[in-house]
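To keep things clear, I will list the structure first and then write my remarks on it.
What follows is calculated from the coordinates using simple rules that are stated; it is not laboratory data. Fair warning: this is a prediction, and the values are worked out from it, not measured in the lab. No Cβ is skipped: glycine too gets one built from the backbone with ideal geometry, and neighbour counts run over all protein chains shown.
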Amino acid sequence: MTASGFLDISSFLYPLPGEQIAKYPLPDRDQSRLLFYNQGAISHHRFLDLPSLIPESSRVVFNNTKVIRARLEFRKPTGARIEVFCLEPAEPADYRQSFQATAGCTWKCMVGNMKKWKEGPVFLHVTIAGENLTIEARLVTRSDEHALVRFRWNNNRFTFNEIVDSAGNTPIPPYLKRDAEPMDRERYQTIYGTENGSVAAPTAGLHFTGRMMQAMVAQGIETGELTLHVGAGTFVPVKEKNARDHQMHAENVIVGCSFLEAWIKQSSPVIAIGTTTTRSLESMYWLGVKLLRGEGIRADRIAVEQWEHESLPGDIPLKDSLGALLELCRIKRLEVLRFSTRLMIVPGYRFRTIGGLVTNFHLPGSTLLLLIAAFIGEEWTRVYADALAQGYRFLSYGDSSLLVPREL
């Protein structure tokens, strides 16, 4: 389905002083500031206070993706430098299988200095556990969006995951305007990330610490996890005057059927940790709606497209939608549900799955800011103006907010 209507992106711009863009994280994750927007009221806290601010009986859902060291620097035999930025696996397409490959694998990549790499192999030399490896990369195909790159290496004792972890660089956001440093390897990563695959961090989770997780357990706050592998498209700005003309990037989501079982049994509100978690949960609702409408869905190719929700019935109860997903798991004997989503959430969208959102402060005119504006309405301007006036730090390494809207 294509976009309809007009959404002026200029309505979602605001002045962001360079000095309020956090180029580095604070020494202590949970000492970042937290703006609490609670149904119109604004108060200021430390992130460490979050467990005490979460509404009683809520369930907190995290995105447990883990950032990979996706930037690999190869050399041609002539010495020319070729940077290969791994985006997502193509063969095998399963993330875990690709990372565990020991003979070779193919990835969708962005390639720097592409004009100097027309054909032939490029090479990367690395030492792992005292052993020297040579990794060879060859172009399979190329397009305007990405290239398919085949990787092979000369020692099958090592997995692709070990190679990337040893030889790659952390893909920090371009707006930080600096090279990745050793500390980014730890700090541009949540403490609970377990599933390799992202090329950008789910930054709302960067503030959590072990003592905060323990505090939530002590307070009886239920938690759950899903996986959305964040793609490089998250940094693509909305360049079109009509934001609805923006082409949303696809991202891969993995959710356990046991997560769905626990979710359908609860009646308490969900607090989503980050916009990636939010888009995953909302996409699950629409997948269930598609099933209930009788659409045949292949278990190996499930997707939510950018605007298709606008042609689907939106009055189906959440539990009915989740029930349809669980039935799919049962029929197909699935333990996990895998799908891709291009869902774009903009003002006018009605949320079906969450009652609150923990998120950082986002770039002007970004798809992430459009989601925030959809969630709390025009109040986003007051929230952002207050954060700027109070000296909050913005973007990936910046401060955070807990947003509870007036109504959904």
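Pull out the extension gain between residue 240 and residue 312, defined as 0.36 nm times the separation in residues minus the alpha carbon to alpha carbon distance; nm, one decimal.
That works out to 23.3 nm of additional length.
At 0.36 nm per residue, and after removing the present C-alpha to C-alpha distance, how many nm does the segment from residue 13 to residue 31 gain when stretched out fully?
Result for the pair: 3.7 nm of gain on full extension.
Determine the relative contact order of the range 152-300: mean sequence separation of Cα pairs under 8 Å and six or more apart, normalised by residue count, in whole percent.
Computed over the range 152-300, the figure is 19 percent.
What is the spin-label model distance, in nm, from residue 150 to residue 91 if the labels are put 7 Å beyond Cα along the C-beta direction?
With each label placed 7 Å out from Cα toward Cβ, I get 0.7 nm.
Does the range 70-168 come out rounded, prolate or oblate, given a ≥ b ≥ c as the square roots of the eigenvalues of its C-alpha gyration tensor, rounded meaning a/c under 1.5 and, failing that, prolate meaning a/b above b/c?
The shape class here is oblate.
Give me the net charge for the shell around residue 148: Cβ to Cβ below 12 angstrom, other residues only, Lys and Arg +1, Asp and Glu -1.
+1
Would you mind classifying the chain by shape? Square roots of the alpha carbon gyration tensor eigenvalues, ordered a ≥ b ≥ c; an a/c under 1.5 is rounded, otherwise it is prolate if a/b is larger than b/c and oblate if not.
Here the chain falls in the prolate category.
Which residue, chosen from 60, 37, 89, occupies the Cα position most advanced towards the positive end of the dipole of the chain, where the dipole is computed from +1 (Lys, Arg) and -1 (Asp, Glu) charges on Cβ about the Cα centre?
Farthest towards the positive pole: 89.
Between residue 222 and residue 250, how many nm apart are label points set 7 Å from Cα along the C-beta direction?
Going from the residue 222 label point to the residue 250 one covers 3.3 nm.
Set the Förster radius R0 to 25 Å, insert the Cβ-Cβ distance between residue 142 and residue 103 as r into 1/(1 + (r/R0)^6), and round the FRET efficiency to 0.05.
For R0 = 25 Å, the calculated efficiency reads 0.60.
Under 14 Å from a label point 7 Å along Cα→Cβ of residue 123: give me every residue in the range 145-178 with its amide N that close.
The answer is 152-155, whose backbone nitrogens lie closer than 14 Å to the label point.
For a quick check: sort 246, 125 by the number of other beta carbons within 10 angstrom, fewest at the front.
Placing the least packed residue first, the sequence is 125, 246.
Would you mind checking 118/241; 115/239; 241/290; 239/290; 115/241 for any pair whose Cα atoms are more than 29 angstrom apart?
Cα-Cα > 29 Å for 118/241; 241/290; 239/290; 115/241; rest within.
Just rank 52, 400, 98, fewest to most, by other beta-carbon atoms within 10 angstrom.
The order, fewest Cβ neighbours first, is 52, 98, 400.
If I build a Gaussian network model for the chain, linking alpha-carbon pairs within less than 10 angstrom, which residue out of 202, 173, 27 has the largest mean-square fluctuation?
27
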